[in-house]
Amino acid sequence: MSNPTQRKDIPNHYAPTVEGEGFINISDVDSIEYTRIQLGLDAAIAVCQFNIIKYATRALRKGTPIEDTIKIGVYQQRMLNYIQEKEKLENKK
């Protein structure tokens, strides 16, 4: 059954079905943020790093260099934000 509020980039079968402690409305977060929630900051940083490498290596080969270069910047900014968040948490210890 289709969920009318379901984000198009997240398969509906990933949406949690029971609300309660730790409930995450998957339609409100993207896959990288979901990775951070489930696996931690290091995993989210690694996903961003992977995507930076992916778009950098294909930017001039796929016929979409402008879009791919913009995506590198988006993932770089997200990676920077996650690194800063990690450092803040480590400095509180």
| request: Hey, could you check region 60-93 for residues that are basic (Lys, Arg) and farther than 14 Å from Phe50 by Cα and say which is surrounded by the most Cβ atoms within 10 Å (Cβ to Cβ)? | output: Lys86
| Spans of helices (runs of 4 or more DSSP H) in region 2-93 with at least 2 residues modelled with pLDDT of 95 or more | 41-58, 65-91
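The values are calculated or read from the model by the stated rules, or taken from the named source; none is laboratory data. As the structure is a computational prediction, the values presented were derived from the model and not from experiment. Every residue, glycine among them, receives a Cβ derived from its backbone with ideal geometry; neighbour counts consider all protein chains shown.
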